[in-house]
Amino acid sequence: MSDDAVVEWFDSHCHLQDEFDEPADRPAEPHADRLAATIARASEAGVTRLVCVGTGRDSSAEAVSLVRSLRRPGGPATAEGVALWATVGLHPHDAVDGVDGLDAVLAAEVTGADPADRVVVAIGECGLDYHYDHSPRPVQREAFALQIELAHRHGLALVIHTREAWDDTFDVLKAHGVPEHTIVHCFTGGTGEARRSLDLGASLSFSGVVTFKNAADVRDAAALCPMDRLLVETDSPFLTPVPHRGTPNEPARVPLVGAAVAHVKGVTRSEVAEVTTANARRAFGI
């Protein structure tokens with residue numbers, strides 16, 4: 001496929017909730033107006049699908065509310081030609097808050113709801129973060145395990161955040177069973193961690209980190225990753241790809257991530273767009 005072909009991109013992980021705006025950079029216009037502009041730019045860049053990711057009770061509820069506010073009866077949430085879905089999860093930083101707060105968010109969206117009308121497609125992001133240790137490690141592991149069980153119970157994908165905690169991440173997954181569709185989001189490991197993740201059946205999602213000068217190990221992992229287990233994301237508003245470092249990230253920049261992945265894999269951007277969109281749709285049951 002030529003790079004001149006019309007392509008569509010799927011941002012498998014972004015944060016569009018109001019709480020993720022940095023106060024110092026918060027524009028005067030309402031969040032709804034900023035969101036509309038963000039989605040319009042994504043559409044212009046060829047990003048036609050995205051998943052808004054929850055990191056706690058409030059952000060998960062806001063992700064669901066945001067997506068549902070755009071949902072058309074009998075179809076996906078769509079604005080400016082961009083379809084949106086949501087996740088419900090508890091980030092390891094906030095593991096001390098406990099996962100009980102997620103149940104209320106899930107109840108209305110998963111339990112007893114018409115599958116055709118659901119907006120929640122995954123549990124997460126959840127996992128372990130030993131870089132900051134904002135929550136005690138045993139508490140992180142317990143919250144991670146409980147969310148793995150939620151993914152199993154509701155038949156949803158699992159979105160994993162792991163930082164400087166690979167061994168424990170794999171141990172918890174093995175102990176509680178890897179959900180059929182598991183995504184290691186913002187993959188920042190090397191080839192060793194990539195192989196271990198792939199051996200467990202997980203898919204790898206690459207972010208703007210793959211464009212960073214000091215991320216050769218991440219590029220090696222992207223080169224190693226089979227095309228059918230590959231996803232791309234922005235993790236916006238974080239991890240803005242080169243050449244836009246220093247500015248807030250947004251879904252419109254996922255093609256830059258895809259281009260970097262295409263370069264290291266020796267394929268066209270169009271191929272990466274087509275394959276990663278198909279992989280994301282399969283992983284999230286879309």
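Listed here are the residues, each with its yes/no results for (1) touching a helix residue (DSSP H, G or I) at 6+ places or on another chain (Cβ under 7 Å); (2) of a type in the set (Val, Ile, Thr); (3) closer than 15 Å to PHE206 by Cα; (4) crowded, with 22+ Cβ neighbours inside 10 Å.
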site	(1), (2), (3), (4)
THR234	yes, yes, yes, yes
PHE238	no, no, yes, no
HIS244	yes, no, no, no
ASN249	yes, no, yes, yes
GLY258	yes, no, yes, yes
GLY266	no, no, no, no
ALA280	no, no, yes, yes
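Take segment 104-139 and flag every residue that is modelled with pLDDT of 80 or more, more than 14 Å from ASP94 (Cβ to Cβ) and in a loop (DSSP other than H, G, I, E, B).
Within segment 104-139, ARG118, VAL119, TYR130, HIS131 qualify.
Pairs please, first residue from segment 46-60 and of a type in the set (S, T, N, Q), second anywhere and modelled with pLDDT under 95 and part of a strand (DSSP E or B), Cβ atoms under 9 Å, 6+ apart in sequence or on different chains.
Partner pairs satisfying both residue conditions: THR48/VAL82; THR48/ALA83.
Which of the numbered conditions does GLY285 fail, given that it passes all the others? Conditions: (1) of a type in the set (Gly, Ala, Ser); (2) under 18 Å from the mean Cα position of the chain (by Cα); (3) buried (at least 17 other Cβ atoms within 10 Å of the Cβ).
(3)
Six or more apart or on different chains, Cβ under 9 Å: which pairs go from a residue in segment 191-209 that's closer than 14 Å to SER12 by Cα to one that's aromatic (Phe, Trp, Tyr) and surrounded by 24 or more Cβ atoms within 10 Å (Cβ to Cβ)? Could you list them?
Once the first residue is closer than 14 Å to SER12 by Cα and sits in segment 191-209, its partners that are aromatic (Phe, Trp, Tyr) and surrounded by 24 or more Cβ atoms within 10 Å (Cβ to Cβ) give LEU204/PHE187; SER205/PHE187; PHE206/PHE187; SER207/PHE187.
Take the residues of segment 150-174 that are β-branched (Val, Ile, Thr) and within 11 Å of ALA122 (Cβ to Cβ): which is farthest from the chain's Cα centre (by Cα)?
The residue in question is ILE160.
Which of the residues belonging to segment 210-235 are of a type in the set (Val, Ile, Thr) and in contact (Cβ under 8 Å) with a residue 60 or more places away in the chain?
Within segment 210-235, VAL232, THR234 qualify.
Just a yes or no: is a residue in segment 154-166 at negative phi and at pLDDT below 95?
Looking through segment 154-166, at least one residue is at negative phi and at pLDDT below 95.
Is it the case that some residue within segment 170-187 is within 28 Å of THR240 (Cα to Cα) and exposed (fewer than 15 other Cβ atoms within 10 Å of the Cβ)?
No, every residue in segment 170-187 fails to be within 28 Å of THR240 (Cα to Cα) and exposed (fewer than 15 other Cβ atoms within 10 Å of the Cβ).
Only residues that are over 18 Å from VAL82 (Cβ atoms) and assigned to a helix (DSSP H, G or I): list them for segment 266-286, please.
ARG269, SER270, GLU271, VAL272, VAL275, ASN279, ARG282, ALA283
Taking GLY208 as meeting all but one of (1) out of contact with any Lys or Arg (no Cβ under 6 Å at 6 or more places or on another chain); (2) buried (at least 20 other Cβ atoms within 10 Å of the Cβ); (3) within 20 Å of ILE123 (Cβ to Cβ), write down the number of the exception.
(3)
Of all residues in segment 135-149, which are under 10 Å from ILE123 (Cα atoms) and crowded, with 23+ Cβ neighbours inside 10 Å?
As a first pass, look at segment 135-149 and keep what is under 10 Å from ILE123 (Cα atoms): 147-149.
Matches in segment 135-149: GLN147, ILE148.
Could you pull out the residue among ASP11, ASP25, ASP33, ASP97 that is at pLDDT 95 or above and more than 20 Å from the chain's Cα centre (by Cα)?
ASP97
The values are calculated or read from the model by the stated rules, or taken from the named source; none is laboratory data. Being a predicted model, the structure only gives us computed values, none of them experimental. Please note: Cβ atoms are built from the backbone with ideal geometry, for glycine as well, and neighbour counts cover all protein chains shown.
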